[in-house]
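Student: Once you've had a glance at the structure underneath, I'll fire off some questions.
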Amino acid sequence: MAGNPFFEREARPHVEGDFARDELALAYRNSALPLEALAYDVTPLGLHYTLSHFDVPRLDEASFRLAVGGRVARPLALALDELRGLPARTVRVTMECAGNGRGLMRPRYPSMPWLHEGVGTAEWTGTPLRHVLERAGLASGVADVAFLGADRGFDRGVEHDYGRSLAAAEALGEDVLLAYAMNGAPLAPQHGFPLRLVVPGWFGMASVKWLTRIEVLDRPFDGFQQAIGYHYRKHAGDPGVPITHAKVKSLVAPPGIPDWYTRRRLVERGTVRLHGRAWSGAGVAIARVEVAIDGDWREAAVDPQRDRFAWQAWRYDWDAAPGEHELACRATDAQGATQPLAPDWNTNGMGNNAVQRVQVTVR
């Protein structure tokens with residue numbers, strides 16, 4: 001393939017068994033949420049998951065400009081101080097990587113080998129995107145608004161800046177932010193300093209980091225990560241379904257204490273408080289969480305939804321008897337969507353919201 005120096009290494013057949021060295025290298029580069037951090041309503045900065053497709057850019061705040069062009073009346077080049085001067089909003093958002101759970105699918109697509117930990121909840125502060133789009137003045141006939149980051153590289157043989165898009169109506173929503181702060185502090189480099197997009201209720205791929213350009217288009221955006229990447233596909237050649245909103249999901253914080261290597265859990269007999277978090281996409285509330293002890297499902301208590309786009313806490317008191325046990329949790333949202341017991345397999349290992357299972361020894 002012309003222009004692709006990596007063509008000979010691009011084929012990635014599905015695999016069973018051990019993780020490849022390249023997958024481990026991706027795991028070293030990216031950062032997972034330690035599941036004990038589910039105890040926090042808001043994930044501390046250093047514990048929130050990160051995924052970077054390419055290198056983490058080093059951008060200078062003083063010289064930074066956000067370019068806004070395409071089908072607009074007034075092209076813009078906005079400094080960070082100008083963006084900070086626009087009406088600000090803080091939104092608490094649970095963000096999950098679309099590939100979270102890929103490492104648990106069989107056979108597995110070689111990529112970032114997430115198990116359960118590609119998720120976190122943060123308070124993002126910035127200006128609603130609509131303020132910038134209104135200042136630029138959208139022309140008639142706008143179809144998509146594209147967002148381009150400063151990170152550039154190759155994916156499956158295609159060189160590109162990481163980019164995603166939203167339909168114009170979605171981009172003008174009040175909750176879509178141009179964020180410059182996370183948990184009350186300036187963005188860390190790995191979280192998109194100095195500016196990123198935050199699209200609440202969607203999987204994390206929509207929230208473009210290191211945002212430097214916005215292009216308003218009269219056609220669908222055809223960037224690689226929009227048109228080729230991030231689709232649910234069942235087989236080679238399947239055009240697929242675009243990945244958008246997050247799926248209903250729950251996790252249990254691991255109880256007791258761990259074995260260093262296997263992470264199996266040890267708890268003492270008697271009453272054990274199990275707790276975790278549950279969330280769904282598009283701002284849909286969680287209506288129910290169930291906990292299974294060795295396959296026997298019981299109802300857990302769920303906190304009401306306080307923030308439309310953030311996870312909800314749940315808890316269950318388990319009368320733990322000595323022996324080996326398997327724990328699982330399953331959420332159902334207010335629209336009736338429920339987590340499956342097994343992954344819904346797709347070629348790239350996306351959107352795995354199957355129930356989590358935790359092995360526990362009670363002594």
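Student: For the structure I just gave you, tell me whether Val158 is more than 17 Å from Ile214 (Cβ to Cβ) and in contact with a helix residue (DSSP H, G or I) (Cβ under 8 Å, 6 or more places away or on another chain). Let's see the steps before the verdict.
Tutor: Details: more than 17 Å from Ile214 (Cβ to Cβ): yes; in contact with a helix residue (DSSP H, G or I) (Cβ under 8 Å, 6 or more places away or on another chain): yes.
Yes, satisfied.
Student: Kindly provide the set of residues from segment 286-308 that are within 18 Å of Leu38 (Cα to Cα) and not charged (D, E, K, R), ordered by number.
Tutor: Within segment 286-308, Ile286, Val289, Val291, Ala300, Ala301, Val302, Pro304, Gln305 qualify.
Student: Same structure again: I need every pair where a residue in segment 48-61 that is among the basic types (Lys, Arg) has its Cβ under 8 Å from the Cβ of a residue that is not in a loop (DSSP other than H, G, I, E, B), sequence separation at least 6 or different chains.
Tutor: Close Cβ pairs (under 8 Å, with a partner that is not in a loop (DSSP other than H, G, I, E, B)) amount to Arg58/Pro189.
Student: Within the bounds of segment 158-172, is there any residue that is surrounded by fewer than 18 Cβ atoms within 10 Å (Cβ to Cβ), in the same structural domain as Leu35 (by TED's automatic domain parsing), modelled with pLDDT of 95 or more and in contact with a Gly (Cβ under 8 Å, 6 or more places away or on another chain)?
Tutor: yes
Student: A further question follows. What pairs can you find where one residue is in segment 197-218 and within 14 Å of His53 (Cα to Cα), the other is part of a helix (DSSP H, G or I), and their Cβ atoms are less than 8 Å apart, with a gap of 6+ or different chains?
Tutor: What qualifies is Met205/Gln225; Lys209/His191.
Student: On to the next question. Of the conditions (1) out of contact with any helix residue (DSSP H, G or I) (no Cβ under 7 Å at 6 or more places or on another chain); (2) assigned by TED's automatic domain parsing to the domain that holds Arg102; (3) farther than 24 Å from Ser31 by Cα, Ala236 satisfies every one except a single condition; which number is it?
Tutor: Unmet condition: (2).
Student: Also: Condition (residue is out of contact with any Ser or Thr (no Cβ under 8 Å at 6 or more places or on another chain), among the β-branched types (Val, Ile, Thr) and farther than 20 Å from Leu26 by Cβ) applied to segment 148-169: is it met by at least one residue?
Tutor: Looking through segment 148-169, none of the residues is out of contact with any Ser or Thr (no Cβ under 8 Å at 6 or more places or on another chain), among the β-branched types (Val, Ile, Thr) and farther than 20 Å from Leu26 by Cβ.
Student: If you check Ala179, Ala253, Ala188, Ala285, which single one turns out to be under 30 Å from Ala77 (Cα atoms) and surrounded by fewer than 22 Cβ atoms within 10 Å (Cβ to Cβ)? Give the steps one after another, and end with the answer.
Tutor: Working: Ala179 fails: surrounded by fewer than 22 Cβ atoms within 10 Å (Cβ to Cβ); Ala253 fails: under 30 Å from Ala77 (Cα atoms); Ala285 fails: under 30 Å from Ala77 (Cα atoms).
Going through Ala179, Ala253, Ala188, Ala285 in turn, just one is under 30 Å from Ala77 (Cα atoms) and surrounded by fewer than 22 Cβ atoms within 10 Å (Cβ to Cβ): Ala188.
The values are calculated or read from the model by the stated rules, or taken from the named source; none is laboratory data. Worth saying up front: this structure is predicted, and the values here are computed from it rather than measured. Note: ideal-geometry Cβ built from the backbone for every residue, glycine included; neighbour counts use all protein chains shown.
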